[in-house]
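The values are calculated or read from the model by the stated rules, or taken from the named source; none is laboratory data. The shown structure was predicted, so the numbers you read here are calculated from the model rather than taken from an experiment. Cβ coordinates were reconstructed from backbone atoms using ideal geometry, including for glycine residues, and neighbour counts include every protein chain displayed.
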């Protein structure tokens with residue numbers, strides 16, 4: 001029985017990885033998931049840090065360095081696949097949303113891509129919200145209002161770097177940018193394009209109405225393609241550089257998977273039926289439903305719920321919640337005083353008494369990098385609460401607040417679709433956090449199924465396999481995930497206490 005290999009290059013906001021996914025079975029034309037016995041195995045072949053660069057002009061991404069790491073991951077992927085006796089059939093890149101690079105007519109990168117946490121975006125966003133009718137923007141795009149959205153980033157370029165957009169020939173979202181570097185093809189993939197807040201979710205194309213209203217050039221936006229687009233072979237120069245031959249042997253192709261990392265993660269959710277929701281848990285938490293069509297109305301606007309592109313024409317009806325970012329920043333400060341492990345932090349939090357102070361994870365105080373512990377102290381002061389006295393109690397306060405915010409957002413989603421979700425599927429790195437998983441079950445009163453941890457890479461590989469006809473459908477792929485990566489289960493406990501706490505928490509949200 002043969003098999004095939006697919007390389008998932010997963011670029012996150014703090015690190016990047018190249019993960020080799022191998023699928024056993026006879027594959028092509030039949031779908032190795034068809035017989036119900038095949039398995040997927042993952043092996044990380046390359047990992048690297050991915051941190052913003054703070055320059056005098058703001059926060060940026062080091063795109064040239066990221067590209068070098070991508071090529072290193074590709075080279076290692078070819079080597080490992082060959083060592084295992086599998087043909088490497090494809091590679092795809094997934095990334096975070098909203099950020100982009102500008103390409104000149106000659107094909108050069110026009111400066112470093114700006115980081116979504118750059119403070120100038122907030123300045124522009126606040127003014128736009130005062131000057132424009134939010135309802136008109138939302139009804140055209142269905143995207144939640146966040147200062148980091150590409151729309152406000154581009155308006156900041158207009159204000160602070162006049163003339164820069166006129167020098168650009170193409171705007172490429174980050175995943176498409178690196179795909180262009182590898183293949184020479186300039187495309188916009190739908191799942192990341194939807195995070196710009198100028199894509200119409202009904203036409204699944206750029207909103208000319210909105211672009212004209214803000215004076216943004218539609219001419220620099222490449223055609224929008226669906227996830228699963230086979231782009232083509234590597235450029236000959238790239239193939240020679242990484243040592244894989246003239247474009248890769250055995251029909252190797254670069255594929256646009258669901259390029260937005262959350263869309264890839266959702267594709268890998270091992271769900272059955274309809275009464276489920278997903279929580280992609282990491283630096284950001286993204287809680288949502290997979291729906292057949294967008295849900296755009298006054299109620300979804302009031303809830304600030306977003307409608308982002310999913311695979312096979314679906315919509316990711318979801319809300320971004322600041323996830324483990326706050327705790328990650330606290331840990332960075334604690335590590336400066338003496339390095340500690342995540343396991344140690346979780347033990348301290350579990351040993352701490354139930355929290356008596358809580359926070360809104362999405363408060364703007366917590367948006368930017370910096371002195372997070374100082375900002376938490378200020379937040380508790382402003383809201384008339386006591387600052388938790390120990391590291392463990394502060395960690396517990398943050399985790400309990402996250403679980404309560406998940407319940408709050410889930411209630412909004414259920415109101416919009418008119419049905420209850422019985423199961424919360426937690427995927428991504430946060431699925432390893434047993435304490436937060438249990439708190440989420442307790443706070444929501446729902447069963448939690450945690451895993452797979454590497455959902456983004458798995459979904460990336462699944463879309464490649466479907467594109468190259470190694471899997472027949474998304475249902476086939478999710479069945480393969482269930483067989484290959486069993487989930488951990490958490491049942492709700494002590495729901496009475498959480499119901500009381502929830503009432504207090506909602507008051508903090510205003």
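For the structure I just gave you, tell me whether residue 236 is under 22 Å from residue 256 (Cβ atoms) and surrounded by fewer than 17 Cβ atoms within 10 Å (Cβ to Cβ). Steps first, please.
Details: under 22 Å from residue 256 (Cβ atoms): yes; surrounded by fewer than 17 Cβ atoms within 10 Å (Cβ to Cβ): yes.
So residue 236 fits the description; yes.
Tell me which residues, restricted to the stretch 49-78, are assigned to a loop (DSSP other than H, G, I, E, B) and touching a residue at least 40 places away in the same chain (Cβ under 8 Å).
Here is the first cut: in the stretch 49-78, the ones assigned to a loop (DSSP other than H, G, I, E, B) are 50-52, 56-57, 61-62.
Correct list: 52, 61, 62.
Residue by residue through the stretch 446-498, note down the ones that are out of contact with any strand residue (DSSP E or B) (no Cβ under 9 Å at 6 or more places or on another chain), part of a loop (DSSP other than H, G, I, E, B) and more than 21 Å from residue 409 (Cα to Cα).
Within the stretch 446-498, 469, 472, 473, 486 qualify.
From the residues in the stretch 79-117 that are assigned to a loop (DSSP other than H, G, I, E, B) and either within 19 Å of residue 46 (Cβ to Cβ) or not assigned by TED's automatic domain parsing to the domain that holds residue 154 (or both), which one is nearest to the chain's Cα centre (by Cα)? Show your work before the answer.
The initial filter retains those residues of the stretch 79-117 that are assigned to a loop (DSSP other than H, G, I, E, B), namely 85-87, 96-99, 104-108, 110-113, 115-117.
Cutting the leftovers down to either within 19 Å of residue 46 (Cβ to Cβ) or not assigned by TED's automatic domain parsing to the domain that holds residue 154 (or both) gives us 86, 96.
Working: 86: 29, 96: 5 Å.
If we take residues in the stretch 79-117 being assigned to a loop (DSSP other than H, G, I, E, B) and either within 19 Å of residue 46 (Cβ to Cβ) or not assigned by TED's automatic domain parsing to the domain that holds residue 154 (or both), then 96 is nearest to the chain's Cα centre (by Cα).
Could you list all residues from the stretch 71-90 that are touching a helix residue (DSSP H, G or I) at 6+ places or on another chain (Cβ under 6 Å) and either crowded, with 24+ Cβ neighbours inside 10 Å or over 29 Å from residue 115 (Cβ atoms) (or both)?
Start the filter on the stretch 71-90 by keeping residues that are touching a helix residue (DSSP H, G or I) at 6+ places or on another chain (Cβ under 6 Å), which leaves 71, 74-75, 88, 90.
Within the stretch 71-90, 74, 88, 90 meet the criteria.
For residues that are surrounded by fewer than 21 Cβ atoms within 10 Å (Cβ to Cβ) and farther than 21 Å from residue 175 by Cβ, tally how many sit in the stretch 272-293.
8
Output the residue which, of all residues in the stretch 354-367 that are under 25 Å from the mean Cα position of the chain (by Cα) and surrounded by 15 or more Cβ atoms within 10 Å (Cβ to Cβ), is nearest to residue 13 (Cα to Cα). Before the answer, list the steps.
At the first step, the residues of the stretch 354-367 found to be under 25 Å from the mean Cα position of the chain (by Cα) are 359-367.
Those left that are additionally surrounded by 15 or more Cβ atoms within 10 Å (Cβ to Cβ): 359-363, 365-367.
Values: 359: 23, 360: 22, 361: 18, 362: 17, 363: 20, 365: 19, 366: 16, 367: 14 Å.
The residue in question is 367.
Kindly evaluate residue 506 against the criterion of being in a helix (DSSP H, G or I), in contact (Cβ under 8 Å) with a residue 60 or more places away in the chain and either assigned by TED's automatic domain parsing to the domain that holds residue 39 or over 23 Å from the mean Cα position of the chain (by Cα) (or both).
Yes; evaluated as a whole, the condition is true for this residue.
From the list 302, 351, pick out the single residue that is without any contact (Cβ under 8 Å) to a residue 60 or more places away in the chain, under 24 Å from the mean Cα position of the chain (by Cα), surrounded by fewer than 19 Cβ atoms within 10 Å (Cβ to Cβ) and on the phi < 0 side of the Ramachandran plot. It would help to see each step written out before you state the result.
Working: 351 fails: under 24 Å from the mean Cα position of the chain (by Cα).
After applying the criteria, what remains is 302.
Could you tell me how many of the residues in the stretch 45-66 are within 30 Å of residue 485 (Cα to Cα) and more than 19 Å from the chain's Cα centre (by Cα)?
2
Can you confirm whether the stretch 308-325 contains a residue that is under 22 Å from the mean Cα position of the chain (by Cα), in the same structural domain as residue 390 (by TED's automatic domain parsing), over 28 Å from residue 136 (Cα atoms) and not in a loop (DSSP other than H, G, I, E, B)?
Applying the first criterion (under 22 Å from the mean Cα position of the chain (by Cα)) to the stretch 308-325 yields 308-325.
Within this subset, residues satisfying the condition of being in the same structural domain as residue 390 (by TED's automatic domain parsing) are 308-325.
Pick out the ones that are also over 28 Å from residue 136 (Cα atoms) and you get 323-325.
Next, from what is left, pick out any that are not in a loop (DSSP other than H, G, I, E, B): 325.
Within the stretch 308-325, one or more residues are under 22 Å from the mean Cα position of the chain (by Cα), in the same structural domain as residue 390 (by TED's automatic domain parsing), over 28 Å from residue 136 (Cα atoms) and not in a loop (DSSP other than H, G, I, E, B).
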